[in-house]
1. Please work out if B:GLU3 is modelled with pLDDT under 95, closer than 26 Å to A:GLY73 by Cα and not in a loop (DSSP other than H, G, I, E, B).
2. D:THR125 is checked against (1) over 19 Å from B:ASP79 (Cα atoms); (2) in a strand (DSSP E or B) and fails just one. What number does that condition carry?
3. When the residues of segment B:60-82 are narrowed to those that are modelled with pLDDT of 95 or more, touching a strand residue (DSSP E or B) at 6+ places or on another chain (Cβ under 6 Å) and not small (Gly, Ala, Ser), which ends up most open to solvent (accessible area, probe 1.4 Å)?
4. Regarding A:VAL42, is this residue more than 21 Å from D:PHE19 (Cβ to Cβ), within 11 Å of chain B (Cβ to nearest Cβ), free of Cβ contacts under 8 Å to residues at least 60 places away in the same chain and open to solvent by less than 10 Å² (accessible area, probe 1.4 Å)?
5. Do we have A:ILE102 as in contact with a Gly (Cβ under 6 Å, 6 or more places away or on another chain), at pLDDT 95 or above and open to solvent by 10 Å² or more (accessible area, probe 1.4 Å) here?
6. Being buried (at least 19 other Cβ atoms within 10 Å of the Cβ) and either closer than 23 Å to A:VAL18 by Cα or at pLDDT below 95 (or both) is the filter here; which residues of segment A:83-99 pass it?
7. I want to confirm something. Restricting to segment C:5-17 and keeping residues that are free of Cβ contacts under 8 Å to residues at least 40 places away in the same chain and more than 7 Å from chain B (Cβ to nearest Cβ), which single residue is farthest from B:ILE108 (Cα to Cα)?
8. When segment C:108-126 is examined, which residues are found to be open to solvent by less than 70 Å² (accessible area, probe 1.4 Å), more than 7 Å from every other protein chain (Cβ to nearest Cβ) and more than 17 Å from A:PRO36 (Cβ to Cβ)?
There are 4 protein chains.
Amino acid sequence: MNEKVRSYFKCSKRERAVFEAGIKLGGIFHQYVGLPVNSRNVDEIEKGIEAAVSIQPFVKAVRVEINRDCLRGGDFTLDYSSLGPKMLNVTLEIRYEDILVIGRLRYIEELEYPLMYVEDVIEETTGE
Amino acid sequence: MNEKVRSYFKCSKRERAVFEAGIKLGGIFHQYVGLPVNSRNVDEIEKGIEAAVSIQPFVKAVRVEINRDCLRGGDFTLDYSSLGPKMLNVTLEIRYEDILVIGRLRYIEELEYPLMYVEDVIEETTGE
Amino acid sequence: MNEKVRSYFKCSKRERAVFEAGIKLGGIFHQYVGLPVNSRNVDEIEKGIEAAVSIQPFVKAVRVEINRDCLRGGDFTLDYSSLGPKMLNVTLEIRYEDILVIGRLRYIEELEYPLMYVEDVIEETTGE
Amino acid sequence: MNEKVRSYFKCSKRERAVFEAGIKLGGIFHQYVGLPVNSRNVDEIEKGIEAAVSIQPFVKAVRVEINRDCLRGGDFTLDYSSLGPKMLNVTLEIRYEDILVIGRLRYIEELEYPLMYVEDVIEETTGE
């Protein structure tokens, strides 16, 4: 089956690995932005997003951190926010064959932009 | 503050309570449909959605059940689904002043439709 | 068929109409927040959202305005925003039987909150 | 500014181009799945999605086709669907420096899966 899937791709395994990282990061942003979050549920929201992402193809690990500085958290009825572009800090490891990609999504102050980027691509030599 | 919010509404407290139920159910559908889910992460996904909804205004309780019959769950790379309209079964309690609303979202076979409906509106007499 | 749908609801027709308004407004927020928008595509985004909402049950009319003051629009690669809670101004008319509901979603400065509210409920006497 | 952005990436320009394609395709799936669609608004929904995607970084062209065979379209109140994984057929061109990537998202029957894949990576030689 993996063979069949592979036949659709016209690119190298490094490019495939990086593409898979892009899919997940783009998906995280567009699926979860808008979620209701405050200081009372933020731990569970992080875990929920990690649980969702972790079953996607080739995800070896994912860590989602929501910036606590942006959160409201009193007891007033409207005291919560919707998850916004500045709040997400994601580190993603994609493993495709022997390629490991570290992908990131985080708000970069100097760019005023929630950047998704490739932090590293590592070819894992499996030794002798 | 609640006073200020109330001033925007031109409806009865029963109507307000029912309106708040509609907001949450419409939001649940459109926020979470598309989430990656399979038998390995379904418990966490349910909890994550409940955690998000439970901090929204006037939510007294929420229960999210995802239909296990629809789930894939083997070890193959693509063995998951995206959360779809037929999979969600939500029971929501909204409390606004002394009004309790039970709202539902679930797929109704005879309608072939994921219906959001008002299961009950209860005026809680606080007696003396 | 409408008869069948109605049998699930335990509420008055006014409450039903207001519930339907809540569903749409909650759905709009959670479906479209996150959309890429800038001054070049904002007209089309507004029309696209209106087209989607207008086919939902009991929607008689919908107007979506995205606040131009929040938009970027130069030619730089990153010069766009994702649609955020402060940018949406929606006016929705729901018609259920002889009840007309005017629902609103807009950011209210004094509340620092994107409020969804019931602006009016009108019983249309068909008289003679 | 593009220089600054580039400094975050530890990968080749081909990999960067493919990564950008992944971001957009993952984002399209997770942003738009759930949208209300039927035969009456499908043209506008396609245009709306194209308008949103086209302003994202490095998008040279995008074509969104929604499978008409899946659509309802009568006059009954509930006669619409929410945009689902089987309905989307997207062709995306990403241009990063002199690299052109053709990315695809479409439901593949033999895989029973809405596959995002790299259809081609073309290095555009600019002459002699």
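The values are calculated or read from the model by the stated rules, or taken from the named source; none is laboratory data. All of these numbers come straight from a predicted model, not from anything done at the bench. Quick reminder, even Gly has a Cβ in these numbers, built from the backbone with ideal geometry, and neighbours come from all protein chains shown. Ligands, DNA and RNA are stripped out before the accessible areas are found, and what is left, the full protein with its side chains, is counted by its heavy atoms. Shrake-Rupley method; radii C 1.70, N 1.55, O 1.52, S 1.80 Å.
1. Working: modelled with pLDDT under 95: yes; closer than 26 Å to A:GLY73 by Cα: yes; not in a loop (DSSP other than H, G, I, E, B): yes.
Answer is yes for this residue.
2. Here D:THR125 clears every test but (2).
3. B:ARG63
4. On the way: more than 21 Å from D:PHE19 (Cβ to Cβ): yes; within 11 Å of chain B (Cβ to nearest Cβ): yes; free of Cβ contacts under 8 Å to residues at least 60 places away in the same chain: yes; open to solvent by less than 10 Å² (accessible area, probe 1.4 Å): yes.
Answer is yes for this residue.
5. Numbers: in contact with a Gly (Cβ under 6 Å, 6 or more places away or on another chain): no; at pLDDT 95 or above: yes; open to solvent by 10 Å² or more (accessible area, probe 1.4 Å): yes.
Criteria not met by A:ILE102.
6. So the first thing to find is which residues in segment A:83-99 are buried (at least 19 other Cβ atoms within 10 Å of the Cβ), and the list is A:83-84, A:87-88, A:90, A:92, A:94, A:96, A:99.
Within segment A:83-99, A:LEU88, A:VAL90, A:LEU92, A:ILE94, A:TYR96, A:ILE99 meet the criteria.
7. Within segment C:5-17, the first condition is being free of Cβ contacts under 8 Å to residues at least 40 places away in the same chain, and the residues that meet it are C:5-12, C:15.
Still in the list and also more than 7 Å from chain B (Cβ to nearest Cβ): C:6-7, C:12.
Details: C:ARG6: 13, C:SER7: 12, C:SER12: 21 Å.
Once the filter is applied, the top-ranked residue is C:SER12.
8. Of everything in segment C:108-126, those that are open to solvent by less than 70 Å² (accessible area, probe 1.4 Å), more than 7 Å from every other protein chain (Cβ to nearest Cβ) and more than 17 Å from A:PRO36 (Cβ to Cβ) turn out to be C:ILE108, C:ILE122, C:GLU124.
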